[in-house]
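Report on the structure given below.
Please treat every number below as a calculation from the coordinates, not as lab data. Fair warning: this is a prediction, and the values are worked out from it, not measured in the lab. A quick note on method: Cβ atoms are made from the backbone with ideal geometry, for glycine too, and the neighbour counts reach across all protein chains shown.
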Amino acid sequence: MTNEGGWAHEPTSYRLEPPVTLGQQDTGGKSGPEPAVSPALGRRTPTQVVHPESDPQDQGRSVGGRYRLVSRLGHGGMGTVWKAHDRIVGRDVAVKEPRLPDHIPEREKANVYTRMEREARAAATIDHPCVVTVHDVVIEDGRPWLVMELVNGSSLGDRLAEGTLDTREAARIGLAVHGALAAAHEAGVLHRDVKPDNVLLGRYDRVVLTDFGIAQIEGEQRLTEAGGFVGSPEFIAPERVLGQLPGPESDWWSLGVMLYLAVEGVSPFRRANTPATLQAVLSADPAPPSRGAGALGHLIMQLLRKDPAARPGPHEIRQILENAARPPQPAPTLVGASAGGSGGGVLRTLRTSRTAQWGAGGGGLLAAALVLGLVLVDPFASDGPPEGWVVRQEGEVVNASLAVPKDYRRTVDDDNSYVTFADPSGVFKVTLRKYTEDDQKGAPFEELPKLAEDRAEFYRKGAESSMEEVSSKVRETTHQGRPAAEIVTTYRAYGSDDDDITFHQIERLYANEEEGAFWRLKVVMPAEGDARPNGERLYRDIARSLQIQDL
């Protein structure tokens with residue numbers, strides 16, 4: 001797709017301020033100052049929990065002889081939401097009242113009321129803490145009134161009217177919405193209207209997805225009239241605009257639009273009117289979010305792919321959001337090293353002393369480390385691989401096994417000498433290769449320390465034509481009781497579509513000199529933004545899981 005879509009060039013009407021520190025507002029149904037509204041946004045009507053307004057006609061009315069309407073909270077796409085008091089159990093609830101224009105035919109009104117009843121059934125089947133709880137359905141005057149939990153707080157739409165979110169907070173909220181959607185999809189329910197106004201921010205950092213009013217249960221007859229338009233235009237996936245049958249991928253698209261707006265402060269597809277917005281959804285390719293750089297930014301762009309089959313699946317989405325929402329982890333600590341020490345003496349000892357290099361099964365490196373008082377503390381150590389990972393048995397290719405995220409795509413080269421695992425979103429790439437004496441092409445087999453230094457120097461000299469601005473350094477470690485070496489390289493791609501991206505690459509070399517073989521594990525990631533710490537964590541977890549059969 002290109003950006004040649006007619007209205008697609010028109011500016012958006014969503015413009016938010018830079019990130020600010022905001023307090024959580026708890027209205028609790030009491031009067032208070034209205035949330036700030038960006039001038040470009042105009043007057044908003046959140047789905048739930050805003051400054052209450054009095055409605056002389058219905059305020060004080062009892063619904064079903066049980067729920068007394070207290071104050072109006074706001075308007076949704078299919079009616080009015082009230083704060084009400086349940087007189088039987090003595091709690092406050094939210095009651096959704098269907099309100100339709102008088103000119104709508106009675107047949108269509110019945111159609112909408114049936115849809116609202118189905119909303120209650122849909123939401124009630126979803127067991128997830130991030131989905132609003134439906135307590136009751138009351139038929140009053142032939143209309144279904146939905147009784148739901150009252151979430152004290154504000155909507156994400158209110159929050160974004162005051163400023164954008166930082167990457168970690170956006171990922172935290174996105175992760176909660178992801179959980180709600182995944183649970184809904186598992187129950188056979190599509191939300192079809194994921195947007196900031198339908199995400200409530202409650203007490204204790206709770207995030208709730210609400211308003212399944214236009215949700216569609218798989219297998220049931222569609223109740224929307226042919227040609228009818230359901231949903232918010234800028235959040236609707238291209239396949240729905242084209243009239244195709246939506247699937248879970250359509251909800252993931254909407255999540256991507258919402259995350260883009262949250263971190264960038266601009267809606268990627270909203271234009272001056274509905275036709276222009278729909279045209280932008282079909283043909284415009286928004287620029288990557290500058291404030292959401294790194295793995296989250298990459299995920300957002302993958303969610304906004306026009307082809308639903310090309311969008312990432314729920315597991316990959318969850319994994320990236322979890323990583324982006326997680327606070328930064330400290331790097332492994334060298335305990336007992338002097339303030340100015342770098343540990344380089346250990347590596348020099350390995351280079352000059354064969355006994356220190358190999359010892360008895362690699363004990364020389366450990367002894368040298370203990371002499372210098374170096375103890376490697378790995379904060380990523382845990383039992384087994386992370387949740388959602390699988391162990392890949394690659395004995396036929398590299399005589400080893402390793403754990404990787406289960407949705408990473410596996411490929412093997414034509415010579416059957418190395419295996420690659422690619423992150424479906426294109427952010428991370430993992431390669432494991434085995435070298436033998438035959439690969440040395442007649443040259444003597446290099447000892448590990450020299451091999452590592454030579455490879456680092458190879459990068460520093462820019463010997464690979466695809467690299468420029470290279471920095472590379474070597475550090476020593478151990479694996480399976482034998483010496484190993486890490487090469488950490490940062491470079492900019494040259495002569496490719498990615499020549500404006502700086503990459504970070506970590507290699508770990510393992511050697512069995514007696515057998516004339518060594519292995520190279522390599523993980524490549526973006527060098528900037530949240531992708532780097534996430535990629536480093538990915539590398540450590542993979543390296544920790546690696547088991548080489550004949551090391």
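Restricting attention to the stretch 506-547, which GluC sites (Glu not before Pro) occupy a DSSP loop and are surrounded by at most 14 other Cβ atoms within 10 Å?
Numbers: sites: 507, 513, 514, 515, 528, 536; in loops: 513, 514, 515, 528.
Counting only loop positions with at most 14 other Cβ atoms within 10 Å, the GluC sites (Glu not before Pro) in the stretch 506-547 are 514, 515, 528.
Taking the beta-carbon count within 10 Å as an exposure proxy, list 132, 488 from fewest neighbours to most. Please report the intermediate quantities before stating the final value.
Working: 132 24, 488 17.
The most exposed by this proxy come first: 488, 132.
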Name the residues whose placed amide hydrogens come within less than 5 Å of the amide hydrogen of residue 66, ignoring near sequence neighbours (fewer than 5 apart) on the same chain. none
Given the C-alpha centroids of the stretch 277-314 and the stretch 114-183, what is the distance between them in whole angstrom? 24 Å
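Per-residue counts of other Cβ atoms within 10 Å, averaged by peptide: what ranking do you get for 86-96, 113-123, highest first? Walk me through the numbers on the way to the answer.
On the way: 86-96: 16.5, 113-123: 19.5.
Highest mean packing first, the order is 113-123, 86-96.
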5 Å is the cut-off here: which amide hydrogens, built 1.01 Å from N in the peptide plane, fall below it relative to residue 71, excluding neighbours closer than 5 in sequence? 83
The set of residues whose placed amide H lies less than 5 Å from the amide H of residue 546, leaving out same-chain residues fewer than 5 positions away, is 403
